[in-house]
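K.L.:
Here it is: the structure, laid out below.
The values are calculated or read from the model by the stated rules, or taken from the named source; none is laboratory data. Treat the numbers as computed from the prediction; the structure is a model and nothing was measured. With ideal geometry, Cβ positions are generated from the backbone for all residues, glycine too; neighbour counts draw on all protein chains shown.
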Amino acid sequence: MSRVTVWHDGACPLCAREIALMRRLDRHARIDFVDATTGSCPLDRSEMLARLHAREDDGPILSGAEAFAAMWRAIPLLRPLGLLARNRRVLGLLDRLYARFLRVRPHLQRLVA
């Protein structure tokens, strides 16, 4: 299985909770989690903080639903969902759902904080 690097917004309370869950599920330590607020970013920091980003091995940087799918593929429990997301229609649906989530994210952050 490949290694995955995931860049996340460590200042976002929702993101912090989700990353904490992913860390617990990543029992084989295949994911390197990088807080994009303080860590090194291969793209513009504001772009990295606006959406989840990931890279499988030395592949291209993925964002949004593709980044989630890459992360899921590295976790045995979630791997089937990550593999399913390789289907363009499934990935398109996940990306639309993620775009909707991003619109309400600031409101949800205030509720969680």
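K.L.:
Of all residues in the range 24-69, how many are at pLDDT 95 or above, assigned to a helix (DSSP H, G or I) and touching a Leu at 6+ places or on another chain (Cβ under 8 Å)?
P.N.:
Summing the residues that are at pLDDT 95 or above, assigned to a helix (DSSP H, G or I) and touching a Leu at 6+ places or on another chain (Cβ under 8 Å) in the range 24-69 gives 6.
Listed here are the residues, each with its yes/no results for (1) free of Cβ contacts under 8 Å to residues at least 24 places away in the same chain; (2) under 13 Å from residue 6 (Cβ atoms); (3) in contact with a helix residue (DSSP H, G or I) (Cβ under 6 Å, 6 or more places away or on another chain).
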position	(1), (2), (3)
54	no, yes, yes
76	no, no, no
88	yes, no, no
110	yes, no, no
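K.L.:
Could you please find all residues in the range 70-92 being part of a helix (DSSP H, G or I), under 18 Å from residue 30 (Cβ atoms) and either of a type in the set (A, V, I, L, M) or within 15 Å of the chain's Cα centre (by Cα) (or both)?
P.N.:
Matches in the range 70-92: 70, 71, 72, 73, 79, 81, 82, 83.
K.L.:
Residues of the range 52-81 being of a type outside the set (A, V, I, L, M, F, W, C) and surrounded by fewer than 17 Cβ atoms within 10 Å (Cβ to Cβ), which ones? Give the steps one after another, and end with the answer.
P.N.:
Of all residues in the range 52-81, those of a type outside the set (A, V, I, L, M, F, W, C) come to 53, 55-60, 63-64, 66, 73, 76, 79-80.
Matches in the range 52-81: 57, 58, 59, 60, 76, 79, 80.
K.L.:
Being outside any loop (DSSP other than H, G, I, E, B) and under 15 Å from residue 62 (Cα atoms) is the filter here, so list the residues in the range 3-23 that pass it. Steps first, please.
P.N.:
So the first thing to find is which residues in the range 3-23 are outside any loop (DSSP other than H, G, I, E, B), and the list is 4-8, 13-23.
Across the range 3-23, the qualifying residues are 4, 5, 6, 7, 8.
K.L.:
Going by the structure shown, is residue 95 free of Cβ contacts under 8 Å to residues at least 40 places away in the same chain, outside any helix (DSSP H, G or I) and among the acidic types (Asp, Glu)?
P.N.:
no
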